[in-house]
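Take a look at the structure below.
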Amino acid sequence: MSILSQQLLQHTTKPASSGAILALEDGTVFQGMSCGAEGEAFGEICFNTSLEGYLEVITDPSYAGQIVTLTYPQVGNYGVNRGDCQADRPALRGLVVRDMCHAPSNWRSEASLPDYLRSQGVIAIEDVDTRALVRHVRDHGAMRAGLSTCAADADELLARVRASASIVGDNLARTVSCAAPRTFGANDLPASKAFALKEPPRPRFNVVAYDCGVKRSILEGLVRAGCRVTAVPWDTPADEVLALAPDGVFLSNGPGDPDAVDATYLAVRELLGKVPVFGICLGHQMMSKAAGAAIEKLKFGHRGGNHPVMNLLTGRVEITAQNHGFNLVFPSLGALVAAESGGVSAHDGDLRAWVRRGVAPVVRNERFGRIRLTHVNLNDGTAEGIEFLDVPAFSVQYHPEASPGPTDAHYLFTAFTGLMEGRQGSLAIDIAADRLAGWAFARTSGAIVERQEEGEAHA
């Protein structure tokens with residue numbers, strides 16, 4: 001065999017690996033092959049439907065305590081670029097894929113995904129029928145699972161799965177939060193994205209961000225909106241935050257059960273009304289709990305980059321990136337204010353009724369006055385966003401940055417700056433124009449449009 005043939009064979013043949021087992025607590029078992037670190041891990045099984053961005057998913061701190069299934073069939077084909085990582089190390093318990101690429105091809109790639117997983121101690125399994133696995137989770141709901149490359153048999157692993165802890169009631173945010181305050185600014189933006197994104201503006205706002213497991217790209221989004229960011233631990237008291245004289249407070253995404261993250265929502269209760277507040281994902285749930293709302297656990301959660309959400313204020317549909325397993329029960333915030341809810345005084349269980357009415361309903365909250373429902377998930381009718389009308393605050397259940405996912409919700413960073421400037425109606429923004437603002441090609445495309453308009457005027 002020639003040297004060239006050997007090289008081709010080496011880069012098109014998967015290396016030999018050991019077997020691996022995935023066992024769910026209801027007794028369902030999947031056999032496969034190891035494609036990451038060796039060992040055993042336990043967590044809640046979930047799935048993400050994004051078509052790309054596997055590294056951002058793997059390094060998202062919100063996946064702490066979970067074994068993540070990626071629904072796209074081939075994973076790892078463009079390798080690993082550490083500038084895309086959302087945290088210093090992965091927080092997920094394990095990874096499940098259909099087909100793992102061991103020989104990536106991309107100009108930005110620094111390593112193969114299997115090599116990266118092994119270096120980070122992440123246990124992973126491939127050759128799993130992920131379609132069957134996802135259908136099973138959709139039908140039967142999220143449950144505990146175990147992933148092992150060393151179990152003698154499935155029954156042995158299953159016994160350990162059933163003895164493992166649930167994520168319900170576990171404060172996972174404290175496991176991924178920063179240990180001490182840290183600043184984040186323009187110098188922390190990754191150089192690998194400079195070819196696509198414009199330089200950030202001069203910082204105009206001093207923002208304190210509660211780090212409950214914040215993604216790095218979220219901090220980047222704040223910086224690119226003109227914010228100087230100080231990230232603080234999840235349990236930082238409100239008086240210490242106010243002592244930093246912030247123009248606004250940001251509440252980050254994070255993992256697990258929001259009921260267990262008590263120090264954060266108790267601090268938020270004190271901050272609301274004293275400083276503008278913007279929350280996403282877990283931060284949205286923290287604001288909801290601060291207002292006394294109930295939080296429910298979803299059957300299998302929302303995770304992926306293709307969730308349609310209606311902005312009730314603009315009538316626009318945003319395709320959003322999401323990663324959460326718990327959700328706000330909107331009626332628990334208070335009774336409807338009929339005069340500001342299209343004359344309706346009774347809550348609907350399915351919030352898509354407000355989409356059909358074309359109304360953004362308002363409730364009367366005992367703690368903070370009027371709160372308006374601003375966003376609704378069009379897949380299942382759950383709450384996706386709220387706005388406090390009597391104090392400067394709003395929140396959404398999804399992620400406003402594209403890591404991974406679409407850029408439709410980028411306007412939320414702009415809306416936060418409007419909130420800090422004291423502008424009313426900051427959520428009613430032309431998202432089509434806003435989403436182009438931070439890209440390097442926006443100037444080029446704008447110049448092309450201007451030349452086209454000039455040509456039409458002379459014609």
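Readers should treat all values here as calculations from the given coordinates under stated rules, not as data from a laboratory. None of these values were measured; they are calculated from a predicted model. Cβ sites come from the backbone with ideal geometry, for glycine too, and all protein chains shown count toward neighbours.
Here are a few things to note about the model shown:
- Among beta bridges from DSSP that stay inside the chain, the antiparallel ones total about 60%.
- Label zone at Ser192, where the point sits 7 Å out along the Cα-to-Cβ direction: segment 38-62 residues whose backbone N lies under 11 Å: 55-56
- In this rough spin-label picture, where each label sits 7 Å from Cα along the Cβ direction, the Ala103-Leu298 distance is 3.9 nm.
- Reported to the nearest whole Å, the Cα centre-to-centre distance from segment 390-422 to segment 298-312 is 16.
- The count of lysine pairs in the chain whose Cα atoms are under 25 Å apart, excluding pairs fewer than 8 places apart on the same chain, comes to 8.
- Pair-distance profile P(r), taking every C-alpha pair of the chain, with 20 angstrom steps and integer %: 24, 54, 20, 2, 0
- For segment 14-163, share of DSSP beta bridges that run antiparallel, in % to the nearest 5: 55 percent
- Per-residue packing, averaged as other Cβ atoms within 10 Å, sorts the ranges 384-391, 292-299, 211-218 into the order 211-218, 384-391, 292-299, beginning with the highest.
- Residue-averaged [θ]222 nm for the chain, counting only DSSP H segments that reach four residues, each worth -39500 (n - 2.57): -7000 deg cm²/dmol
- Computed over segment 173-442, the P(r) tail beyond 31 angstrom holds 19 percent of alpha carbon pairs.
- Along the axis of the charge dipole computed for the chain (Cβ charges of +1 for Lys and Arg, -1 for Asp and Glu, origin at the Cα centre), the listed residues Gly283, Val344, Asn48 are led at the positive end by Val344.
- Glu110-Val329 FRET efficiency (beta carbon distance; Förster radius 41 Å; 0.05 resolution): 0.40
- The chain - percent relative contact order, Cα under 8 Å, separation 6 or more: 13 percent
- Peptides 342-353, 223-234 ordered by packing proxy, namely the average of other Cβ atoms within 10 Å per residue, highest first: 223-234, 342-353.
- Label-to-label distance, Leu378 versus Asp139, with points set 7 angstrom from Cα along the beta-carbon direction: 2.9 nm.
- Dipole of the chain computed with +1 at Lys/Arg Cβ and -1 at Asp/Glu Cβ about the Cα centre; of Ala353, Ala294, Gly221, farthest Cα towards the positive end is Gly221.
- By average C-beta atoms within 10 angstrom, highest first, the peptides 316-328, 76-88: 316-328, 76-88
- Charge context of Asn377, other residues only, Cβ under 11 angstrom, K/R +1, D/E -1: -3
- Annotation for segment 78-137 versus segment 313-351: alpha-carbon center distance of 36 Å.
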